[in-house]
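Below is one structure; the comments refer to it alone.
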Amino acid sequence: MTNQKTITTSEKLINTKLMDGNITANVKEAAKILQSKGLVAFPTETVYGLGGDALDENAAAKIYTAKGRPSDNPLIVHIADTKDVYELATEVPEKATMLMEAFWPGPLTIILPKKTIVPDGTTGGLNTVAIRMPSHPVALSLIRESGLYIAAPSANTSGRPSPTLAKHVMEDMNGRIEMILDGGAVGIGIESTIVDLTGDVPVILRPGFITKSMLEKIVGEVTIDPALIEPDPNLRPKAPGMKYTHYAPKGELTIVESDAFENSGITFTQGHEKANNSVTTEESIDNIVTKINELVDEKVNAGFQVAVITTSENANRFNCENILVAGNRAQGETIAAKLYQVLRQCDELDVDYIFSEAFNDGELGGAIMNRLLKAAGHRVIKV
Ligand code: TXA
Ligand code: MG
(Lines give C-alpha, C1' and ligand atoms only; values in the text may rest on other atoms or scores of the structure.)
(Ligands and ions follow the chains in the order given, each with its own letter.)
Protein backbone atom coordinates (compact mmCIF):
# COMPACT_ATOMS: atom_id res chain seq x y z
CA MET A 1 0.00 0.00 0.00
CA THR A 2 1.43 3.38 -0.99
CA ASN A 3 -0.91 6.17 -0.27
CA GLN A 4 -0.02 9.83 -0.37
CA LYS A 5 -2.19 12.32 1.48
CA THR A 6 -2.06 16.01 0.78
CA ILE A 7 -2.90 18.44 3.52
CA THR A 8 -4.97 21.43 2.62
CA THR A 9 -6.02 23.13 5.85
CA SER A 10 -3.96 26.13 6.88
CA GLU A 11 -2.51 24.75 10.12
CA LYS A 12 -1.42 21.52 8.46
CA LEU A 13 1.65 22.25 6.42
CA ILE A 14 3.45 18.99 5.79
CA ASN A 15 2.53 16.36 3.27
CA THR A 16 2.47 13.17 5.37
CA LYS A 17 3.17 10.11 3.26
CA LEU A 18 1.70 6.77 4.38
CA MET A 19 4.05 4.08 3.04
CA ASP A 20 4.32 0.33 3.34
CA GLY A 21 7.09 -0.33 5.88
CA ASN A 22 7.89 -3.71 4.39
CA ILE A 23 9.21 -2.17 1.18
CA THR A 24 12.96 -1.52 1.24
CA ALA A 25 12.74 1.63 -0.91
CA ASN A 26 10.30 3.18 1.54
CA VAL A 27 12.55 2.44 4.50
CA LYS A 28 15.43 4.05 2.56
CA GLU A 29 13.37 7.16 1.90
CA ALA A 30 12.34 7.28 5.58
CA ALA A 31 16.00 6.98 6.62
CA LYS A 32 16.86 9.97 4.39
CA ILE A 33 14.13 12.03 6.05
CA LEU A 34 15.59 11.21 9.47
CA GLN A 35 19.10 12.11 8.26
CA SER A 36 17.83 15.50 7.14
CA LYS A 37 16.31 15.98 10.65
CA GLY A 38 12.71 15.27 9.64
CA LEU A 39 10.24 13.02 11.47
CA VAL A 40 9.03 9.53 10.54
CA ALA A 41 6.58 7.31 12.43
CA PHE A 42 7.37 3.59 12.37
CA PRO A 43 6.06 0.37 13.88
CA THR A 44 7.70 -1.29 16.87
CA GLU A 45 6.56 -4.49 18.57
CA THR A 46 4.93 -2.42 21.35
CA VAL A 47 3.31 0.66 19.74
CA TYR A 48 4.11 2.97 16.80
CA GLY A 49 6.97 5.38 17.51
CA LEU A 50 7.50 8.94 16.27
CA GLY A 51 11.15 9.00 15.26
CA GLY A 52 13.76 11.73 14.91
CA ASP A 53 17.57 11.92 15.19
CA ALA A 54 18.24 11.38 18.92
CA LEU A 55 21.49 13.35 18.88
CA ASP A 56 19.99 16.43 17.27
CA GLU A 57 18.29 19.02 19.52
CA ASN A 58 16.21 20.38 16.65
CA ALA A 59 14.81 16.99 15.68
CA ALA A 60 13.92 16.39 19.33
CA ALA A 61 12.23 19.80 19.48
CA LYS A 62 10.17 18.91 16.39
CA ILE A 63 8.99 15.70 18.10
CA TYR A 64 7.71 17.67 21.10
CA THR A 65 5.90 20.10 18.82
CA ALA A 66 4.30 17.36 16.68
CA LYS A 67 3.01 15.55 19.78
CA GLY A 68 2.10 18.67 21.77
CA ARG A 69 4.20 17.09 24.52
CA PRO A 70 5.57 18.87 27.62
CA SER A 71 9.33 19.32 27.08
CA ASP A 72 10.26 17.92 30.52
CA ASN A 73 9.06 14.48 29.41
CA PRO A 74 12.12 12.68 28.01
CA LEU A 75 12.30 10.51 24.88
CA ILE A 76 13.47 6.90 24.52
CA VAL A 77 16.52 6.39 22.29
CA HIS A 78 16.14 3.40 19.97
CA ILE A 79 19.21 1.45 18.89
CA ALA A 80 19.79 -1.57 16.64
CA ASP A 81 22.84 -3.11 18.30
CA THR A 82 23.57 -3.68 22.00
CA LYS A 83 27.05 -2.21 21.63
CA ASP A 84 25.44 1.19 20.86
CA VAL A 85 24.55 1.41 24.57
CA TYR A 86 28.22 2.15 25.30
CA GLU A 87 28.08 5.16 22.95
CA LEU A 88 25.16 6.66 24.83
CA ALA A 89 25.73 5.73 28.51
CA THR A 90 28.70 6.55 30.74
CA GLU A 91 28.24 3.43 32.82
CA VAL A 92 26.70 0.07 31.95
CA PRO A 93 26.35 -2.03 35.12
CA GLU A 94 26.38 -5.82 34.98
CA LYS A 95 22.64 -6.03 35.67
CA ALA A 96 22.04 -3.89 32.58
CA THR A 97 24.15 -6.23 30.47
CA MET A 98 22.24 -9.22 31.82
CA LEU A 99 18.86 -7.65 31.03
CA MET A 100 20.00 -6.56 27.57
CA GLU A 101 21.13 -10.10 26.83
CA ALA A 102 17.90 -11.60 28.14
CA PHE A 103 15.34 -9.24 26.59
CA TRP A 104 16.84 -7.37 23.63
CA PRO A 105 15.76 -6.92 21.00
CA GLY A 106 12.40 -6.55 22.74
CA PRO A 107 9.97 -4.51 24.85
CA LEU A 108 12.38 -3.40 27.58
CA THR A 109 13.74 0.15 28.07
CA ILE A 110 16.67 0.72 30.41
CA ILE A 111 17.64 3.98 32.13
CA LEU A 112 21.37 4.67 32.46
CA PRO A 113 23.55 7.75 33.11
CA LYS A 114 23.93 9.61 29.82
CA LYS A 115 26.98 10.68 27.89
CA THR A 116 27.20 14.31 26.82
CA ILE A 117 26.56 13.45 23.14
CA VAL A 118 22.92 12.86 24.12
CA PRO A 119 21.43 16.37 24.12
CA ASP A 120 19.33 17.72 26.97
CA GLY A 121 16.59 18.26 24.41
CA THR A 122 16.24 14.47 24.11
CA THR A 123 16.35 13.68 27.83
CA GLY A 124 14.22 16.58 29.03
CA GLY A 125 17.22 17.95 30.91
CA LEU A 126 17.83 14.72 32.88
CA ASN A 127 21.36 13.33 33.27
CA THR A 128 20.08 9.86 32.42
CA VAL A 129 18.99 8.39 29.11
CA ALA A 130 16.32 5.80 28.27
CA ILE A 131 17.53 3.21 25.74
CA ARG A 132 15.71 0.41 23.96
CA MET A 133 16.46 -2.01 21.15
CA PRO A 134 13.12 -2.86 19.52
CA SER A 135 12.53 -6.24 17.88
CA HIS A 136 10.23 -5.12 15.06
CA PRO A 137 12.00 -5.74 11.74
CA VAL A 138 10.85 -2.40 10.25
CA ALA A 139 12.14 -0.50 13.30
CA LEU A 140 15.47 -2.31 13.18
CA SER A 141 15.95 -1.79 9.45
CA LEU A 142 15.07 1.92 9.76
CA ILE A 143 17.62 2.43 12.55
CA ARG A 144 20.29 0.53 10.59
CA GLU A 145 19.54 2.22 7.26
CA SER A 146 19.64 5.70 8.82
CA GLY A 147 22.85 5.02 10.75
CA LEU A 148 21.31 7.07 13.59
CA TYR A 149 20.06 6.54 17.09
CA ILE A 150 16.36 7.28 16.86
CA ALA A 151 14.52 9.16 19.60
CA ALA A 152 10.95 7.93 19.52
CA PRO A 153 8.06 8.52 21.86
CA SER A 154 4.77 6.81 21.07
CA ALA A 155 3.38 8.41 17.88
CA ASN A 156 0.17 9.77 19.43
CA THR A 157 -0.85 13.31 20.27
CA SER A 158 0.15 13.82 23.91
CA GLY A 159 -2.60 12.44 26.17
CA ARG A 160 -4.23 10.15 23.58
CA PRO A 161 -3.85 6.35 23.57
CA SER A 162 -0.63 5.15 21.91
CA PRO A 163 -1.10 4.07 18.28
CA THR A 164 -1.25 0.34 17.56
CA LEU A 165 -2.17 0.78 13.86
CA ALA A 166 -0.74 3.14 11.19
CA LYS A 167 -4.28 4.56 10.88
CA HIS A 168 -4.08 5.77 14.50
CA VAL A 169 -0.83 7.59 13.71
CA MET A 170 -2.48 9.19 10.68
CA GLU A 171 -5.37 10.38 12.89
CA ASP A 172 -2.97 12.19 15.21
CA MET A 173 0.03 13.13 13.06
CA ASN A 174 -1.30 13.81 9.56
CA GLY A 175 0.25 17.08 8.40
CA ARG A 176 2.71 17.22 11.29
CA ILE A 177 5.36 14.70 10.18
CA GLU A 178 6.94 13.70 6.88
CA MET A 179 6.16 9.99 6.72
CA ILE A 180 4.46 7.02 8.37
CA LEU A 181 5.82 3.53 7.71
CA ASP A 182 2.87 1.14 7.91
CA GLY A 183 3.84 -2.23 9.37
CA GLY A 184 0.28 -3.34 10.15
CA ALA A 185 -0.98 -4.00 13.68
CA VAL A 186 1.74 -4.07 16.37
CA GLY A 187 2.09 -7.28 18.37
CA ILE A 188 2.13 -6.26 22.03
CA GLY A 189 -0.01 -3.13 22.10
CA ILE A 190 1.24 -1.47 25.29
CA GLU A 191 4.51 0.41 25.70
CA SER A 192 7.79 -1.17 26.83
CA THR A 193 8.63 -1.93 30.45
CA ILE A 194 10.97 0.81 31.75
CA VAL A 195 13.64 -0.19 34.27
CA ASP A 196 15.91 2.29 36.04
CA LEU A 197 19.39 0.77 36.40
CA THR A 198 21.16 3.76 37.94
CA GLY A 199 20.95 2.32 41.50
CA ASP A 200 21.90 -1.04 43.02
CA VAL A 201 18.41 -2.51 42.79
CA PRO A 202 16.62 -2.15 39.43
CA VAL A 203 13.37 -0.17 39.67
CA ILE A 204 10.39 -0.57 37.33
CA LEU A 205 9.27 2.91 36.29
CA ARG A 206 6.59 1.71 33.86
CA PRO A 207 5.08 -1.81 33.85
CA GLY A 208 4.87 -3.61 30.51
CA PHE A 209 5.01 -6.96 28.75
CA ILE A 210 8.30 -7.83 30.51
CA THR A 211 6.99 -8.38 34.03
CA LYS A 212 8.63 -8.04 37.44
CA SER A 213 9.07 -11.78 37.83
CA MET A 214 10.63 -12.09 34.36
CA LEU A 215 13.17 -9.42 35.36
CA GLU A 216 13.78 -11.03 38.76
CA LYS A 217 14.61 -14.35 37.14
CA ILE A 218 17.56 -12.61 35.47
CA VAL A 219 18.84 -10.10 38.06
CA GLY A 220 17.29 -11.01 41.42
CA GLU A 221 15.51 -8.29 43.41
CA VAL A 222 13.57 -5.70 41.42
CA THR A 223 11.33 -3.02 42.95
CA ILE A 224 8.49 -0.92 41.56
CA ASP A 225 8.50 2.89 41.68
CA PRO A 226 6.15 3.50 44.67
CA ALA A 227 4.44 6.29 42.77
CA LEU A 228 3.01 3.63 40.43
CA ILE A 229 1.40 1.54 43.13
CA GLU A 230 -0.91 4.08 44.74
CA PRO A 231 -1.83 7.38 43.11
CA ASP A 232 -0.49 9.64 45.87
CA PRO A 233 -0.14 13.31 44.94
CA ASN A 234 2.94 13.52 47.19
CA LEU A 235 4.80 10.83 45.25
CA ARG A 236 6.41 11.96 42.02
CA PRO A 237 6.92 9.17 39.48
CA LYS A 238 10.54 8.76 38.37
CA ALA A 239 9.50 8.46 34.73
CA PRO A 240 8.23 12.00 34.11
CA GLY A 241 5.69 10.70 31.57
CA MET A 242 3.91 8.62 34.20
CA LYS A 243 2.61 11.73 35.96
CA TYR A 244 0.52 12.89 33.03
CA THR A 245 -3.09 11.97 32.31
CA HIS A 246 -3.05 9.58 29.41
CA TYR A 247 -5.15 7.58 27.06
CA ALA A 248 -8.37 9.19 28.28
CA PRO A 249 -11.29 8.93 25.84
CA LYS A 250 -13.61 11.93 25.50
CA GLY A 251 -16.47 10.06 27.19
CA GLU A 252 -16.34 9.42 30.95
CA LEU A 253 -14.73 6.01 31.54
CA THR A 254 -15.44 4.00 34.71
CA ILE A 255 -13.87 0.65 35.58
CA VAL A 256 -15.97 -1.95 37.41
CA GLU A 257 -13.70 -4.13 39.50
CA SER A 258 -14.04 -7.00 41.94
CA ASP A 259 -11.74 -7.91 44.79
CA ALA A 260 -12.26 -11.67 44.59
CA PHE A 261 -9.51 -13.70 42.98
CA GLU A 262 -8.66 -17.37 42.89
CA ASN A 263 -5.18 -18.40 44.10
CA SER A 264 -4.86 -15.17 46.01
CA GLY A 265 -6.22 -13.44 49.08
CA ILE A 266 -4.73 -10.15 47.96
CA THR A 267 -6.95 -7.11 47.79
CA PHE A 268 -6.52 -5.21 44.57
CA THR A 269 -6.50 -1.51 45.17
CA GLN A 270 -4.92 -0.25 42.00
CA GLY A 271 -4.41 -3.39 39.98
CA HIS A 272 -0.63 -3.24 39.84
CA GLU A 273 1.84 -6.07 39.93
CA LYS A 274 0.32 -7.53 43.07
CA ALA A 275 -1.55 -9.80 40.68
CA ASN A 276 0.60 -12.92 41.13
CA ASN A 277 -1.09 -14.93 38.41
CA SER A 278 -4.44 -14.83 40.15
CA VAL A 279 -7.68 -15.15 38.22
CA THR A 280 -10.93 -13.27 38.78
CA THR A 281 -13.54 -15.73 40.10
CA GLU A 282 -16.63 -16.62 38.05
CA GLU A 283 -18.80 -15.12 40.74
CA SER A 284 -16.90 -11.82 40.61
CA ILE A 285 -17.30 -11.69 36.87
CA ASP A 286 -21.06 -12.23 37.26
CA ASN A 287 -21.14 -9.35 39.74
CA ILE A 288 -19.15 -7.10 37.41
CA VAL A 289 -21.49 -7.87 34.48
CA THR A 290 -24.58 -7.22 36.61
CA LYS A 291 -23.22 -3.90 37.85
CA ILE A 292 -22.23 -2.72 34.38
CA ASN A 293 -25.69 -3.59 33.04
CA GLU A 294 -27.25 -1.51 35.84
CA LEU A 295 -24.99 1.43 35.06
CA VAL A 296 -25.68 1.19 31.33
CA ASP A 297 -29.46 1.14 31.90
CA GLU A 298 -29.26 4.18 34.12
CA LYS A 299 -27.33 6.23 31.54
CA VAL A 300 -29.32 5.03 28.52
CA ASN A 301 -32.58 5.86 30.30
CA ALA A 302 -31.24 9.34 30.92
CA GLY A 303 -30.68 9.72 27.16
CA PHE A 304 -26.92 9.20 26.94
CA GLN A 305 -24.81 7.24 24.45
CA VAL A 306 -22.97 4.43 26.22
CA ALA A 307 -20.27 1.85 25.40
CA VAL A 308 -19.03 -1.21 27.29
CA ILE A 309 -15.45 -2.49 27.16
CA THR A 310 -15.40 -6.23 27.73
CA THR A 311 -13.77 -9.49 26.63
CA SER A 312 -14.96 -12.13 24.16
CA GLU A 313 -16.06 -14.39 27.04
CA ASN A 314 -18.61 -11.82 28.25
CA ALA A 315 -19.43 -9.87 25.09
CA ASN A 316 -22.98 -11.22 24.74
CA ARG A 317 -23.93 -10.60 28.38
CA PHE A 318 -24.50 -6.84 28.12
CA ASN A 319 -27.63 -4.95 27.13
CA CYS A 320 -25.73 -2.16 25.42
CA GLU A 321 -25.66 -0.93 21.82
CA ASN A 322 -21.89 -0.43 21.72
CA ILE A 323 -19.91 -3.47 22.86
CA LEU A 324 -16.16 -3.13 22.41
CA VAL A 325 -14.23 -6.38 22.78
CA ALA A 326 -10.66 -6.08 24.01
CA GLY A 327 -9.33 -9.60 23.49
CA ASN A 328 -10.17 -12.51 25.77
CA ARG A 329 -9.73 -12.97 29.48
CA ALA A 330 -8.00 -16.32 29.19
CA GLN A 331 -5.10 -14.67 27.30
CA GLY A 332 -4.10 -11.33 28.82
CA GLU A 333 -1.81 -10.53 25.89
CA THR A 334 -4.85 -10.28 23.60
CA ILE A 335 -6.28 -7.58 25.90
CA ALA A 336 -3.01 -5.62 25.82
CA ALA A 337 -2.99 -5.86 22.03
CA LYS A 338 -6.51 -4.41 21.64
CA LEU A 339 -6.85 -1.98 24.57
CA TYR A 340 -5.73 1.25 22.88
CA GLN A 341 -7.68 0.49 19.71
CA VAL A 342 -10.82 0.05 21.79
CA LEU A 343 -10.21 3.31 23.67
CA ARG A 344 -9.87 5.12 20.33
CA GLN A 345 -13.13 3.49 19.15
CA CYS A 346 -14.92 5.13 22.10
CA ASP A 347 -14.03 8.49 20.56
CA GLU A 348 -15.16 7.39 17.09
CA LEU A 349 -18.51 6.31 18.54
CA ASP A 350 -18.68 9.64 20.38
CA VAL A 351 -20.23 8.04 23.46
CA ASP A 352 -20.87 9.98 26.68
CA TYR A 353 -20.17 7.16 29.13
CA ILE A 354 -17.98 4.07 28.96
CA PHE A 355 -17.98 1.20 31.44
CA SER A 356 -15.13 -1.29 31.40
CA GLU A 357 -14.52 -4.58 33.14
CA ALA A 358 -11.27 -4.60 35.14
CA PHE A 359 -8.55 -6.77 33.59
CA ASN A 360 -6.19 -7.38 36.50
CA ASP A 361 -5.69 -11.10 36.05
CA GLY A 362 -2.16 -12.49 35.93
CA GLU A 363 1.05 -10.51 35.91
CA LEU A 364 0.34 -8.73 32.64
CA GLY A 365 -2.87 -7.50 34.31
CA GLY A 366 -0.72 -5.04 36.28
CA ALA A 367 0.53 -3.39 33.10
CA ILE A 368 -2.90 -3.38 31.46
CA MET A 369 -4.59 -1.87 34.53
CA ASN A 370 -1.84 0.77 34.81
CA ARG A 371 -3.02 2.09 31.41
CA LEU A 372 -6.75 1.53 31.93
CA LEU A 373 -6.72 3.29 35.32
CA LYS A 374 -5.04 6.32 33.76
CA ALA A 375 -7.60 6.33 30.96
CA ALA A 376 -10.35 6.25 33.61
CA GLY A 377 -8.71 8.95 35.74
CA HIS A 378 -8.74 6.24 38.48
CA ARG A 379 -12.56 6.16 38.46
CA VAL A 380 -13.28 2.67 39.82
CA ILE A 381 -16.46 1.08 41.19
CA LYS A 382 -15.95 -2.04 43.30
CA VAL A 383 -18.50 -4.83 43.49
O1 TXA B 1 7.32 0.90 23.82
C2 TXA B 1 7.81 2.02 23.92
O3 TXA B 1 8.61 2.31 24.82
C4 TXA B 1 7.41 3.07 22.88
C5 TXA B 1 7.97 2.65 21.54
C6 TXA B 1 7.74 3.67 20.46
O7 TXA B 1 9.32 2.33 21.66
N8 TXA B 1 7.86 4.37 23.27
C9 TXA B 1 7.29 5.06 24.28
O10 TXA B 1 7.81 6.34 24.44
O11 TXA B 1 6.40 4.64 24.96
P12 TXA B 1 7.08 7.47 25.27
O13 TXA B 1 7.89 8.70 25.03
O14 TXA B 1 5.65 7.54 24.93
O15 TXA B 1 7.30 7.07 26.75
C16 TXA B 1 8.58 7.18 27.33
C17 TXA B 1 8.51 7.15 28.81
C18 TXA B 1 7.95 8.40 29.43
O19 TXA B 1 7.10 8.05 30.51
C20 TXA B 1 9.20 9.11 29.92
O21 TXA B 1 8.94 9.95 30.99
C22 TXA B 1 10.09 7.95 30.30
O23 TXA B 1 9.85 7.01 29.29
N24 TXA B 1 11.53 8.28 30.25
C25 TXA B 1 12.27 8.58 29.17
N26 TXA B 1 13.53 8.88 29.52
C27 TXA B 1 13.61 8.76 30.86
C28 TXA B 1 14.65 8.94 31.84
N29 TXA B 1 15.87 9.31 31.48
N30 TXA B 1 14.33 8.71 33.13
C31 TXA B 1 13.09 8.32 33.48
N32 TXA B 1 12.07 8.14 32.62
C33 TXA B 1 12.32 8.36 31.33
MG1 MG C 1 3.69 7.75 25.12
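With 32 Å as the limit, the listed pairs K17/K299; K32/K250; K62/K217; K28/K217; K37/K83; K67/K299 have K17/K299; K32/K250; K62/K217; K28/K217; K67/K299 beyond it between alpha carbons. Based on the alpha-carbon gyration tensor of the chain and its eigenvalue square roots a ≥ b ≥ c, which shape applies: rounded if a/c is under 1.5, prolate if not and a/b is larger than b/c, or oblate? Oblate, since a/c reaches 1.5 and b/c is not below a/b. What the Cβ-Cβ distance of N174 and D84 gives, at R0 = 30 Å and to the nearest 0.05, is a FRET efficiency of 0.45.
Each of L55, T123, P163 was placed along the dipole of the chain (beta-carbon charges, centred on the mean Cα), and the one lying farthest toward the positive end is L55. For W104, the shell of other residues with beta-carbons less than 12 Å away shows a net charge of -2, using +1 for Lys and Arg and -1 for Asp and Glu.
Based on protein heavy atoms only, the chain ends up with 40 Å² per residue of surface accessible to a 1.4 Å probe. Put a dot 7 Å past the Cα of T24, heading toward its Cβ, do the same for R379, and the two dots end up 5.2 nm apart.
Restricting attention to region 286-383, which trypsin sites (Lys or Arg not before Pro) occupy a DSSP loop and are surrounded by at most 15 other Cβ atoms within 10 Å? Passing sites in region 286-383 are R379.
Estimated from the Cβ-Cβ distance and a Förster radius of 51 angstrom, the FRET efficiency linking N301 and E91 is about 0.25. Using a 1.4 angstrom probe on heavy atoms only, work out the carbon and sulfur share of the accessible area of the chain in %. Ligands and nucleic acids excluded, carbon and sulfur reach 49 percent. Distance between the modelled labels on I218 and A315, one decimal in nanometres: 3.5 nm (7 Å Cα→Cβ projection). The mean sequence distance of close C-alpha pairs (under 8 Å, at least 6 residues apart), as a share of the length of region 70-184, puts its relative contact order at 30 percent.
Aspartates and glutamates near K238 by alpha-carbon distance under 19 Å, same-chain residues fewer than 8 away left out - which ones? Filter leaves D72, D120, E191, D196, D200, E221, D225, E230, E273.
Near V300, once Lys and Arg are set to +1 and Asp and Glu to -1 for all other residues with Cβ below 12 Å from its Cβ, the sum equals -4. Around P163, under 10 Å between beta carbons, what's the net of Lys plus Arg minus Asp minus Glu among the other residues? Charge balance near P163 sits at +1. The helix-based estimate of mean residue ellipticity at 222 nm for the chain, built from -39,500 (n - 2.57) per DSSP H run of four or more residues and divided by its residue count, is -9500 deg cm²/dmol to the nearest 500.
In a reduced charge model with +1 at each Lys and Arg Cβ and -1 at each Asp and Glu Cβ, the chain shows a dipole moment near 1060 debye about its Cα centre.
The values are calculated or read from the model by the stated rules, or taken from the named source; none is laboratory data. Since we're looking at a predicted model, the values are computed, not measured. Every residue, glycine as well, gets a Cβ built from its backbone with ideal geometry; the counts of neighbours run over all protein chains shown. Only protein heavy atoms, including side chains, enter the accessible area calculation; ligands, DNA and RNA are left aside. Shrake-Rupley method; radii C 1.70, N 1.55, O 1.52, S 1.80 Å.
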